[in-house]
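Report on the structure given below.
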Ligand SMILES: [Zn+2]
C-alpha cells in the first residue's frame, strides 16, 4: 500500500538520514516502504539476524 504522503515521507527520511539522522529516528521504513510504526513488530526489525 502506497500513498503520496508516504512516498514523500520516505524521501524526507532518506534525505535526513543522509544528513546524519539516526535510522531509529525515521518515521518510515525504507525496507518495507511503509510507516515505521506499521512494521515495528516485523522479525527483521526485532531480530535483525533473521535477515540471514
Ligand atoms: Zn520495516
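Could you tell me what a quarter of the Cα convex hull surface of the chain works out to, in nm² with one decimal place?
Value for the chain: 3.8 nm².
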Worksheet item: How much length, in nm to one decimal, is gained on full extension between residue 18 and residue 33, taken as 0.36 nm per residue of separation minus their Cα-Cα distance?
Response: 3.7 nm
Item to complete: Treating the angle as unsigned and between 0 and 90°, give the value, to the nearest 10°, between the Cα long axis of helix 4-18 and the longest Cα principal axis of the chain.
Response: 80 degrees
Practice prompt. Rounded to the nearest 500, what is the 222 nm mean residue ellipticity of the chain from helices alone, with -39500 (n - 2.57) per DSSP H run of 4+ residues and division by all residues?
Written response: -11500 deg cm²/dmol
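None of the figures in this text is laboratory data; all of them are computed from the coordinates on show. Keep in mind that what you see is a predicted model, and the values were worked out from it rather than measured.
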